[in-house]
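Take a look at the structure set out below.
The values are calculated or read from the model by the stated rules, or taken from the named source; none is laboratory data. Note that this is a predicted model, so its numbers are computed, not measured. As a convention, Cβ positions derive from the backbone with ideal geometry for all residues, glycine included, and neighbour counts pool all protein chains shown.
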Amino acid sequence: MLFREHRGSLNESMRTVREVNTMSDIENIFASKNPPIKGKFSIEEYCYDARIGWDTWAVMWNGNYVGFTNGYVPK
């Protein structure tokens with residue numbers, strides 16, 4: 001699965017793309033930031049993004065969008 005962080009523009013966001021296998025992988029990305037972001041992350045179906053060909057799922061932390069994936073990421 002591909003994950004990209006939420007940024008101000010699609011180009012900026014696409015520069016953060018990395019491969020993940022589980023939500024734990026995504027949680028680890030944010031836990032390593034300064035300051036770390038820890039806690040409950042969730043994922044929900046968002047939309048099809050024709051610009052990049054992704055069936056996009058939104059990743060949220062405390063109700064805020066923090067990134068997007070190109071499919072459902074299991075726990």
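Take the residues in region 28-68 that are outside any strand (DSSP E or B), over 16 Å from residue 13 (Cα atoms) and aliphatic (A, V, I, L, M); name whichever of them is modelled with the highest pLDDT.
Filtering region 28-68 for residues that are outside any strand (DSSP E or B), over 16 Å from residue 13 (Cα atoms) and aliphatic (A, V, I, L, M), the one modelled with the highest pLDDT comes out as 31.
Answer yes if at least one residue in region 30-41 is within 12 Å of the chain's Cα centre (by Cα) and of a type outside the set (Phe, Trp, Tyr), and no otherwise. Step through it out loud before you land on a result.
Pass one, region 30-41, residues within 12 Å of the chain's Cα centre (by Cα): 30, 41.
Now restrict to residues that are of a type outside the set (Phe, Trp, Tyr): none.
Within region 30-41, none of the residues are within 12 Å of the chain's Cα centre (by Cα) and of a type outside the set (Phe, Trp, Tyr).
Within region 43-71, which residues are in contact with a strand residue (DSSP E or B) (Cβ under 6 Å, 6 or more places away or on another chain), loosely packed, with under 12 Cβ neighbours inside 10 Å and touching a residue at least 12 places away in the same chain (Cβ under 8 Å)?
Correct list: 44, 45.
Just to verify a result, which residue in region 17-42, among those that are free of Cβ contacts under 8 Å to residues at least 40 places away in the same chain and small (Gly, Ala, Ser), is farthest from residue 73 (Cα to Cα)?
For region 17-42, the residue satisfying everything is 32.
Out of region 24-42, which residues are of a type outside the set (D, E, K, R) and loosely packed, with under 11 Cβ neighbours inside 10 Å?
Scanning region 24-42 gives 32, 34, 35, 36, 39.
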